[in-house]
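Contents: one structure, followed by commentary.
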Amino acid sequence: MVRDWKTMQKGLDQAISKSKFGHFFKLEARKTTFTRELRAGTATFLTMAYIISVNATIIADSGGPCSVSDCTALPANQTVDPTCTLDPNNKGYQNCLSKLKSDLIVATSLSSMIGSFAMGLFANLPFGLAPGMGANAYLAYNLVGYHGTGPIPYRTAMAVVLLEGIAFLCIAILGLRAKLARLIPSSIRLACAAGIGLFIAFVGLQAHQGVGLVGPDPATLLTLSACRGVDPTSGECVGGKMQSPTFWLGFVGFIIMCYGLMKNIKGSMIYGMLFVTLISWIRGTSVTIFPHTPLGDTNYEYFKNVVDFHKIESTFWAISFTDFNRSQVWVALATLLYVDVLATTGTLYTMAEIGGLVNEEGGFEGEYVAYMVDAGSTIVGSAVGVSPIATYIESTAGIREGGRTGLTAVVVGVYFGLSIFVTPMLTSVPPWAVGPSLVMVGVLMMKVVKEIDWENVREGVPAFVTMVLMPLTYSISNGIVGGIGVYVALGLCDYVVGWIKWVVEMRRMVARERNQVSAAATTATAAAAVELRNVEII
């Protein structure tokens, strides 16, 4: 029976390879087959699937378009407290957040589907696309802020994402991408990836967005937490430390992810998330995401639908240009654009090299179109309310399975399309299941640190400043600006010292020449005097 299946599979592969479909994707030219591309697309999706719930959770932390007007008024005076957006017990605002997360689940899947389809059909490359990690955290926590406490409203942030996508598209069309990428020193480019990884891991370790291992402390600012209870206002521990059942459940999920990646098991991150999520769906336990509360009951009733088509409402074209007179808007635009250009450039070339797609000139087929697809997908993402779309390094999982054509990306797009119809399940993934995956993403992003020249202080110090400022100031842009500032300062010091040395050397040369002239003049005078004396004697 196995032999019959292999014979049937071989016949199917040959038939499709010789068809117009096969010629379109260049299956024979790239020495691959239809079934191999299917396996590759499945492997890539399994390693990327975590982004659906993770991205929705992160951006939902910003509060999106939800505002004070969505809060439930207090019965006593029928007024709304401006701080109601930070109250986890305010039913009105929490209901708005629930609808927002459902919108973002669909928006993430939809934008990923469109981006992956476009990469496969237009660039014919085996790369999956989805909202980028790092950019989503920057948007949620630095721009909009937790539940809208940041300097830029959500609608303005989406307008920034739209303009960033348009700017990136223009750069890609004009071929300026490489020149722009070279403006930043390589050490800072590498440190950006590591710093963003630390920032994302830090988010995953906190209570609101992750496992709750760390929390605020009045004396040390930050301390070990994982408490059984947390004060909703200050976030301080009100129960015993390291006694949170959800933390320990998340820790087990993290170990599952680590072991799977250690053994090179495809989809390890999704398996760890799935383990934690399934246990958290059991009601009546200390780790359930459906407690017996009005909000928990409402979420559970929606969850029981399992399959449902949710229409994007609150985040669709939630774009406003009214706050573009703020300086933070233009800083955000520059930061998102540069991070996007750097990430896309590094990711595309890395995966093309792994897949053996790079030619003798150092480029690869479909490169020019790939950048335009990436930028165009970001424009689509802004329209549905998500952060900039990025080409995912997780696509290497499919490349290692043999994926070499755009058919792999199309398969990834199909999977993302199917995920739109299971929104109730995807919205019920708890933060302590998302947190471990964020920490693991941070771990994977740290590997670039080894490429930094730490022996060279001029390279090492700016890189360190970039990396450490991102998590400690809770700002990706602060890290980039700080690293560049230190690099420029060291360069200026080098230039000034060099100029001073040049001035000193020039003065020495002038003094040396004067001494030589003086010595020559003295010698000539002495010679003249001797000659005159000789004449007098005669």
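The values are calculated or read from the model by the stated rules, or taken from the named source; none is laboratory data. Everything numeric in this text was worked out from a predicted model, so none of it was measured. Cβ sites come from the backbone with ideal geometry, for glycine too, and all protein chains shown count toward neighbours. Just the protein is used for accessible areas: all its heavy atoms, side chains included, with ligands, DNA and RNA removed. Shrake-Rupley method; radii C 1.70, N 1.55, O 1.52, S 1.80 Å.
Among the conditions (1) closer than 18 Å to Glu37 by Cα; (2) of a type in the set (Asp, Glu); (3) open to solvent by 40 Å² or more (accessible area, probe 1.4 Å), the only one that Glu394 does not satisfy is (3). Quick one: is Val386 in the same structural domain as Val106 (by the TED database), part of a loop (DSSP other than H, G, I, E, B) and either open to solvent by less than 20 Å² (accessible area, probe 1.4 Å) or in contact (Cβ under 8 Å) with a residue 60 or more places away in the chain (or both)? Considered against the rule, which asks whether it is in the same structural domain as Val106 (by the TED database), part of a loop (DSSP other than H, G, I, E, B) and either open to solvent by less than 20 Å² (accessible area, probe 1.4 Å) or in contact (Cβ under 8 Å) with a residue 60 or more places away in the chain (or both), Val386 comes out as yes. Determine whether region 495-503 contains at least one residue that is open to solvent by 80 Å² or more (accessible area, probe 1.4 Å), under 37 Å from the mean Cα position of the chain (by Cα) and either of a type in the set (Ser, Thr, Tyr) or modelled with pLDDT of 90 or more (or both). Yes, the conditions are met somewhere in region 495-503.
When Val331, Val373 are screened for being of a type in the set (A, V, I, L, M), closer than 20 Å to Met119 by Cβ and part of a helix (DSSP H, G or I), only Val373 passes. Close Cβ contacts (under 8 Å, 6 or more residues apart or on different chains) running from residues in region 198-210 that are over 14 Å from Gly479 (Cβ atoms) to residues that are open to solvent by 50 Å² or more (accessible area, probe 1.4 Å) and outside any helix (DSSP H, G or I) comprise Ala207/Val230.
Restricting the first member to region 52-66 and to residues that are over 12 Å from Gly385 (Cα atoms) and among the charged types (D, E, K, R), and the second to residues that are modelled with pLDDT under 90 and assigned to a loop (DSSP other than H, G, I, E, B), the beta-carbon pairs closer than 8 Å and six or more apart or on different chains are Asp61/His208; Asp61/Gln209.
Candidates are the residues of region 444-493 that are at pLDDT below 85, part of a helix (DSSP H, G or I) and among the polar types (S, T, N, Q); the one that is surrounded by the fewest Cβ atoms within 10 Å (Cβ to Cβ) is Asn478.
When residues in region 267-320 are screened for being of a type in the set (Ser, Thr, Tyr), buried (at least 20 other Cβ atoms within 10 Å of the Cβ) and not in a helix (DSSP H, G or I), 1 of them pass.
Tell me yes or no: at least one residue of region 51-67 is closer than 24 Å to Gly355 by Cβ and either among the charged types (D, E, K, R) or open to solvent by less than 30 Å² (accessible area, probe 1.4 Å) (or both). The answer is yes; a qualifying residue exists. Taking region 297-306 on its own, how many of its residues are out of contact with any Pro (no Cβ under 7 Å at 6 or more places or on another chain) and modelled with pLDDT of 85 or more? The qualifying residues number 4.
From the list Ala201, Ala226, the one residue that fits, being open to solvent by less than 70 Å² (accessible area, probe 1.4 Å), among the aliphatic types (A, V, I, L, M), at pLDDT 85 or above and at positive phi, is Ala226. Is there a residue being within 23 Å of Met119 (Cβ to Cβ), among the charged types (D, E, K, R), without any contact (Cβ under 8 Å) to a residue 60 or more places away in the chain and in the same structural domain as Ile279 (by the TED database) anywhere in region 352-365? Yes, some residue in region 352-365 is within 23 Å of Met119 (Cβ to Cβ), among the charged types (D, E, K, R), without any contact (Cβ under 8 Å) to a residue 60 or more places away in the chain and in the same structural domain as Ile279 (by the TED database). For region 143-152, a residue qualifies if it is open to solvent by 20 Å² or more (accessible area, probe 1.4 Å), outside any helix (DSSP H, G or I) and in contact with a helix residue (DSSP H, G or I) (Cβ under 7 Å, 6 or more places away or on another chain), and the qualifying residues are Gly150, Pro151. Here the helices (runs of 4 or more DSSP H) wholly within region 1-76 that include at least 2 residues being modelled with pLDDT under 90 and under 30 Å from Ala383 (Cα atoms) are 34-48, 50-60. State all residues of region 114-134 that are under 19 Å from Gly366 (Cα atoms) and open to solvent by 10 Å² or more (accessible area, probe 1.4 Å); if no residue qualifies, say none. Matches in region 114-134: Ile114, Phe117, Ala118, Leu121, Phe122, Asn124. Within region 397-425, how many residues turn out to be open to solvent by less than 10 Å² (accessible area, probe 1.4 Å) and of a type in the set (Phe, Trp, Tyr)? Final tally of qualifying residues: 1. With respect to Asn89, is the statement that it is open to solvent by 10 Å² or more (accessible area, probe 1.4 Å), over 27 Å from Ala397 (Cβ atoms), in the same structural domain as Gly120 (by the TED database) and assigned to a helix (DSSP H, G or I) true? Answer is no for this residue. Kindly list, by first and then second residue, each pair from a residue in region 494-506 that is in a helix (DSSP H, G or I) to a residue that is surrounded by 10 or more Cβ atoms within 10 Å (Cβ to Cβ), limited to pairs with Cβ atoms under 9 Å and residues at least 6 apart or on different chains. Filtered contacts from region 494-506: Asp494/Arg458. Tell me whether region 310-320 contains one or more residues that are among the aromatic types (Phe, Trp, Tyr), under 28 Å from Gly150 (Cα atoms) and touching a residue at least 24 places away in the same chain (Cβ under 8 Å). Yes, there is a match, as at least one residue in region 310-320 is among the aromatic types (Phe, Trp, Tyr), under 28 Å from Gly150 (Cα atoms) and touching a residue at least 24 places away in the same chain (Cβ under 8 Å). Of the residues screened, Phe21 is one that is without any contact (Cβ under 8 Å) to a residue 12 or more places away in the chain and open to solvent by 30 Å² or more (accessible area, probe 1.4 Å).
Identify all residues within region 119-142 that are under 14 Å from Thr378 (Cβ atoms), among the small types (Gly, Ala, Ser) and in a helix (DSSP H, G or I); write none if there are none. Ala135, the sole residue that qualifies.
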